[in-house]
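Enquirer: Pasting a structure below so you can have a look.
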Amino acid sequence: MAAGKANLGPLVGAVDQGTSSTRFLVFNSKTAELLSHHQVELEQKFPKEGWVEQDPKEILQSVYECIERTCDKLTELNIDISSIKAIGVSNQRETTIIWDKYTGEPLYNAVVWLDLRTQGTVETLSKRIPGNNNFVKSKTGLPLSTYFSAVKLHWILENVRKVKKAVEEERALFGTVDSWLIWSLTGGPNGGVHCTDVTNASRTMLFNIHSLEWDVELCEFFEVPMTILPNIRSSSEIYGLMKISHSLKAGALEGVPLSGCLGDQSAALVGQMCFQDGQAKNTYGTGCFLLCNTGQKCVFSDHGLLTTVAYKLGRDKPVCYALEGSVAIAGAVIRWLRDNLGILKTSEEIEKLAKEAGTSYGCYFVPAFSGLYAPYWEPSARGIICGLTQFTSKQHIAFAALEAVCFQTKEILDAMNKDCGIPLTHLQVDGGMTNNKILMQLQADILYIPVVKPSMPETTALGAAMAAGAAEGVGVWSLEPEDLSAVTMERFEPQINPEESEIRYAIWKKAVQKSMGWATGQTSPNAGDPNIFCSVPLGFFIVSSMVMLIGARYISGIP
């Protein structure tokens with residue numbers, strides 16, 4: 001952290017809104033140095049099995065708090081807050097929010113990307129896609145999955161009365177987290193800008209990645225009215241000016257342009273400066289996401305990867321695409337060991353436990369809490385821990401959990417190497433989990449290639465700041481290769497022989513097969529929630545009642 005530098009030149013702020021926490025970070029636009037930041041952890045709600053929600057107002061309030069506290073810290077460091085010339089937004093993707101455009105009130109909780117309630121919806125919709133013409137995948141680059149926004153939005157529109165009524169009355173707005181934040185931060189009901197960028201739009205399953213527009217056929221297929229959708233913009237342009245003086249001390253950032261917007265994984269790709277074809281990065285957060293830049297060419301995968309928009313850094317700049325491998329559960333498994341099992345007191349403790357064990361001792365963990373994403377796209381999978389003996393300890397389970405993150409990454413890297421045809425010679429990494437040296441060494445051992453980590457791991461926020469600072473009309477951050485700051489790296493080399501790595505990987509793959517087929521798509525809405533209704537045929541209740549009555553008579557001995 002820099003201290004006592006009153007005149008540092010132009011600064012750029014970045015909101016990094018993730019699944020488990022929100023942060024606001026401020027960078028020096030000339031050196032990319034991180035000057036100050038603040039972080040707030042967020043609550044996730046699990047109202048039913050497989051459901052994952054968050055409170056949109058809590059998300060927004062956490063952004064306000066992080067901005068205020070970071071501004072306080074900058075003042076303590078004698079850094080002039082008025083030097084902040086632009087703000088970028090990076091966000092958890094796919095998470096779905098609907099709100100009232102007149103009151104600014106959310107109409108339902110945010111349905112998080114991990115949520116599985118739409119498994120039955122996916123099964124129903126998939127039957128309507130012609131076998132010889134998967135227009136959904138060809139237009140979006142995505143498989144039909146619970147992961148993406150369109151199926152969540154379809155479910156909400158079908159099941160939440162309050163939302164259905166607001167849509168009919170033309171009061172409803174839909175957005176992913178970036179849209180909710182930009183609308184709120186630029187005035188909300190008082191002139192807030194309703195927009196999204198191409199990277200976030202490409203994760204909704206309503207966006208045509210070739211035409212870069214909302215697609216009429218897709219919206220009709222998912223029964224989503226186009227009137228509630230945000231305007232689509234590039235990842236680097238002025239969307240609007242900050243209008244939140246009522247929430248910030250002295251209105252410190254009033255009037256500052258909001259000029260960068262990237263889904264978190266695209267932001268990390270930019271922050272890692274992967275601007276060339278074939279450059280790739282892996283981010284270790286709540287989930288794990290490996291992206292490989294494919295340039296202006298839209299590459300479709302034969303091995304379970306997604307085709308997605310990497311970035312479009314300006315209205316008149318070309319769009320670049322990426323192949324992506326998505327793992328649902330990475331850092332979330334550590335939170336689960338901490339909060340659900342009580343094996344850890346803090347998330348950081350897992351490194352100590354794993355170091356004590358030094359091995360999983362034959363224990364293998366498949367954390368398929370939300371099914372399996374790439375390369376399987378198998379929603380029926382559920383988490384398993386196998387290979388347990390009386391000798392197995394919490395240390396071994398901790399080690400197996402870290403190993404599982406690495407094995408999942410290897411599956412994706414193998415798929416990406418097949419699709420790209422040129423194997424990666426090293427893996428660039430970022431995200432909060434990369435502070436765990438045991439994990440990074442395990443990753444190098446399991447991949448059997450070097451793992452390279454930047455000394456400043458906040459590459460997601462850095463990418464959002466770069467996009468904001470480089471926007472036309474701001475122009476305080478150059479994205480020319482010769483102007484980009486050199487980044488110091490920490491390197492982890494493989495330390496085991498490849499045969500041992502392959503044996504462990506093969507056993508883990510065996511465990512993955514055992515995790516599949518556990519769950520079906522049958523899920524019913526919460527009968528106790530007045531906001532939710534379900535159009536189940538009356539005959540179902542009659543038959544159910546008859547079955548229950550017959551069963552009761554049989555158990556009680558009544559003929």
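The values are calculated or read from the model by the stated rules, or taken from the named source; none is laboratory data. Owing to the predicted nature of the structure, the values given are computational and were not obtained by experimental measurement. Positions of Cβ are backbone-derived with ideal geometry, glycine not excepted, and every protein chain shown enters the neighbour counts. Side chains included, ligands, DNA and RNA excluded: accessible areas come from the protein's heavy atoms. Shrake-Rupley method; radii C 1.70, N 1.55, O 1.52, S 1.80 Å.
Enquirer: Output the residues belonging to region 400-415 that are farther than 14 Å from W336 by Cα, buried (at least 24 other Cβ atoms within 10 Å of the Cβ) and touching a Leu at 6+ places or on another chain (Cβ under 8 Å).
Expert: Once the filter is applied, which keeps residues that are farther than 14 Å from W336 by Cα, buried (at least 24 other Cβ atoms within 10 Å of the Cβ) and touching a Leu at 6+ places or on another chain (Cβ under 8 Å), region 400-415 yields E403, C406, T409, I412.
Enquirer: Every residue in region 229-243 that is surrounded by fewer than 21 Cβ atoms within 10 Å (Cβ to Cβ) and either of a type in the set (A, V, I, L, M) or within 12 Å of G260 (Cα to Cα) (or both), please.
Expert: I232, R233, I238, G240, L241
Enquirer: Here's something else I'd like to know. Among the residues of region 327-349, is there at least one that is assigned to a strand (DSSP E or B) and of a type outside the set (S, T, Y)?
Expert: yes
Enquirer: Looking only at region 116-131, how many residues end up being under 19 Å from V52 (Cβ atoms), in a loop (DSSP other than H, G, I, E, B) and aliphatic (A, V, I, L, M)?
Expert: 1
Enquirer: Test Q395 against the criterion of being among the polar types (S, T, N, Q) and surrounded by fewer than 22 Cβ atoms within 10 Å (Cβ to Cβ), and give yes or no.
Expert: yes
Enquirer: Kindly establish whether K73 is in a helix (DSSP H, G or I) and modelled with pLDDT of 95 or more.
Expert: no
Enquirer: Then there is this: Look through region 21-37, keep the residues that are surrounded by 19 or more Cβ atoms within 10 Å (Cβ to Cβ) and closer than 26 Å to N109 by Cα, and return whichever of them is farthest from the chain's Cα centre (by Cα).
Expert: F24
Enquirer: Also, I was wondering about something else. So A471 fits all but one of (1) open to solvent by less than 30 Å² (accessible area, probe 1.4 Å); (2) in contact with a Leu (Cβ under 9 Å, 6 or more places away or on another chain); (3) free of Cβ contacts under 8 Å to residues at least 60 places away in the same chain; what number is the exception?
Expert: Condition not satisfied by A471: (3).
Enquirer: Among the residues of region 158-181, is there at least one that is assigned to a loop (DSSP other than H, G, I, E, B) and without any contact (Cβ under 8 Å) to a residue 40 or more places away in the chain?
Expert: yes
Enquirer: Which condition breaks for G287 when tested against (1) modelled with pLDDT of 90 or more; (2) over 28 Å from E472 (Cβ atoms)?
Expert: It is condition (1) that G287 fails.
Enquirer: Out of (1) of a type outside the set (F, W, Y); (2) at pLDDT below 85; (3) open to solvent by less than 30 Å² (accessible area, probe 1.4 Å), what's the single condition that is false for C292?
Expert: So the condition that C292 fails would be (2).
Enquirer: Within region 321-352, count every residue that is open to solvent by 10 Å² or more (accessible area, probe 1.4 Å), among the hydroxyl-bearing types (S, T, Y) and under 30 Å from F275 (Cβ atoms).
Expert: 1
Enquirer: Out of the residues in region 101-134 that are within 23 Å of A328 (Cα to Cα) and β-branched (V, I, T), which is most open to solvent (accessible area, probe 1.4 Å)?
Expert: Per the criteria, the residue is T124.
Enquirer: Return yes or no: is F365 in contact (Cβ under 8 Å) with a residue 12 or more places away in the chain and in contact with a Cys (Cβ under 9 Å, 6 or more places away or on another chain)?
Expert: Answer is yes for this residue.
Enquirer: When only residues in region 347-373 that are under 20 Å from the mean Cα position of the chain (by Cα) and at pLDDT below 85 count, which is farthest from L323 (Cα to Cα)?
Expert: Out of the qualifying residues, it is S347.
Enquirer: Of I98, I67, which residue is touching a strand residue (DSSP E or B) at 6+ places or on another chain (Cβ under 8 Å), outside any loop (DSSP other than H, G, I, E, B), open to solvent by less than 30 Å² (accessible area, probe 1.4 Å) and over 26 Å from T146 (Cβ atoms)?
Expert: Within the list I98, I67, the selection yields I67.
Enquirer: Which one is most open to solvent (accessible area, probe 1.4 Å), of the residues in region 186-200 that are farther than 12 Å from I232 by Cβ and among the polar types (S, T, N, Q)?
Expert: My answer is N190.
Enquirer: Can you confirm whether region 135-152 contains a residue that is aromatic (F, W, Y), modelled with pLDDT under 95, open to solvent by 10 Å² or more (accessible area, probe 1.4 Å) and more than 21 Å from S326 (Cα to Cα)?
Expert: yes
Enquirer: So, one more: Can you tell me which of (1) over 24 Å from H303 (Cα atoms); (2) in a loop (DSSP other than H, G, I, E, B) is the one W113 doesn't meet?
Expert: (1)
The rows are residues; the columns are (1) in contact with a helix residue (DSSP H, G or I) (Cβ under 7 Å, 6 or more places away or on another chain); (2) open to solvent by 10 Å² or more (accessible area, probe 1.4 Å); (3) at positive phi.
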site: V270; (1), (2), (3): yes, no, no
site: Y284; (1), (2), (3): yes, no, no
site: H303; (1), (2), (3): yes, yes, no
site: L306; (1), (2), (3): no, no, no
